[in-house]
Amino acid sequence: MRRLTKKKALTLVKELDAFPKVPESYVEATASGGTVSLIAFTLMAVLAFLEFFVYTNTWMKYEYEVDKDYSSKLRINVDITVAMRCQYIGADVLDLAENMVASDGLKYEPAHFELPPEQRLWHMTLLHIQERLRVEHALQDVLFKGALRGAPPAVPRSEDSPSSFTACRIHGHLYVNKVAGNFHVTVGKSIPHPRGHAHLAALVSHDSYNFSHRIDHLSFGEVIPGIISPLDGTEKISPESNHMFQYFLTIVPTKLNTYKISADTHQYSVTERERVINHAAGSHGVSGIFMKYDISSLMVKVTEQHMPLWQFLVRLCGIVGGIFSTTGMLHGVIGFLVDVVCCRLQMGIYKNLKEAPLDEQSNGETLIPTENGVQSEETL
């Protein structure tokens, strides 16, 4: 009984075979079929190779949600060089509520405004990347993955006397509330004031005003190596002493989750404006560098994604099966058209023989139609 049951099971399985085996004696190999097979295998290899590159690549996914973290502090990272001596300028932050933020985390370091060759090359590299970012926004995905792994060259220590330095490098960080504010560098050191704050600019001569500056780095949130901010590498030369440079920044909280970076940072967009302060002509304002920022209520989640293995295998199966089916159908259609054309030619040959006179058809000979024409054979 068990043997009979096994035989019935095997018979049932054979009847369900969707891939029946055809004897080789029933299969005819042709030159056209071999050519189509070579083309199909070549296409499969090329497409499978390209699909493997797609599988190894990653892409960035952007999602938007409301930023609910409004009570924490926002970190501002600054590295800016101004073409004035350190004792003549001061930097601080004034937020929307007219509260002055302590700038204890900022350091004033005497420096030269002109860069040495190594740093000038790094600065030109930053400018080149910024130009590419303005044209090709997809490059930002590469930066999120960690494009620049090398650190900028260190500032060499100069043996010059402090009096020979004509510029001031302001670098460091400070923490502010998550509200709109104004980070500025202007003449004179800042002092607290009951109604806000003030700068001691009365003791500084107008002839020493020079707010030509270079922004080596300006970012918000956690510092992430390799991420280039929009103002990194910016250099402005002031043609006049009374010159105001204004930057309007829109800060967007950003949560990065990639294979190399996992941190909370803040990306921003910027627009610029500069003008000359001419009090005699009625213009108002204060000479200096002003960065007015506002924080968006939306947060961007940037996630690096990778194609799963099962999807890669399904796509490979689709490539192999699709090419087999397509080439098989094309080969069948072309073969059918060839057969139709050849059949019409043969029918035309028979038709010509039928319409010819009897004496021309025989003339003592037997006419046999062939593919290449009519062959005559002597009658017996």
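The values are calculated or read from the model by the stated rules, or taken from the named source; none is laboratory data. Here the structure is a predicted model, which is why all the values come from computation and not from measurement. Cβ: placed from backbone, ideal geometry, glycine included. Neighbour counts: every protein chain shown. With ligands, DNA and RNA removed, areas are computed over all heavy atoms of the protein, side chains included. Shrake-Rupley method; radii C 1.70, N 1.55, O 1.52, S 1.80 Å.
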Qualifying residue in the range 346-367 (condition: modelled with pLDDT of 75 or more, assigned to a helix (DSSP H, G or I), among the β-branched types (Val, Ile, Thr) and more than 30 Å from residue 54 (Cα to Cα)): no
For residue 58: the one exception among (1) open to solvent by less than 70 Å² (accessible area, probe 1.4 Å); (2) modelled with pLDDT of 90 or more; (3) among the hydroxyl-bearing types (Ser, Thr, Tyr): (2)
Residue ID - nearest to residue 175 (Cα to Cα), chosen from residues in the range 211-236 that are open to solvent by 50 Å² or more (accessible area, probe 1.4 Å) and at pLDDT below 90: 222
Enumeration of residues in the range 95-131 that are modelled with pLDDT of 85 or more and within 26 Å of residue 242 (Cα to Cα): 106, 107, 108, 109, 110, 111, 112, 113, 114, 115
Restricting the range 51-62 to residues that are polar (S, T, N, Q) and either touching a Gly at 6+ places or on another chain (Cβ under 8 Å) or not in a strand (DSSP E or B) (or both), the residue that is nearest to residue 165 (Cα to Cα): 57
Subset of the range 290-334 that is in a loop (DSSP other than H, G, I, E, B) and surrounded by 14 or more Cβ atoms within 10 Å (Cβ to Cβ) - its residue that is farthest from the chain's Cα centre (by Cα): 296
Residue under evaluation residue 59, criteria (1) over 30 Å from residue 209 (Cβ atoms); (2) touching a Phe, Trp or Tyr at 6+ places or on another chain (Cβ under 9 Å), criterion not met: (2)
In the range 102-123, the residues that are touching a helix residue (DSSP H, G or I) at 6+ places or on another chain (Cβ under 9 Å) and assigned to a loop (DSSP other than H, G, I, E, B): 112, 114, 115
Subset of the range 63-101 [within 20 Å of residue 201 (Cβ to Cβ), assigned to a loop (DSSP other than H, G, I, E, B) and open to solvent by 40 Å² or more (accessible area, probe 1.4 Å)]: 85, 98
Within the range 174-191, tally of residues that are part of a loop (DSSP other than H, G, I, E, B) and open to solvent by less than 20 Å² (accessible area, probe 1.4 Å): 1
Members of the range 272-289 that are modelled with pLDDT under 85 and exposed (fewer than 13 other Cβ atoms within 10 Å of the Cβ): 278, 279, 280, 281, 282, 283, 284
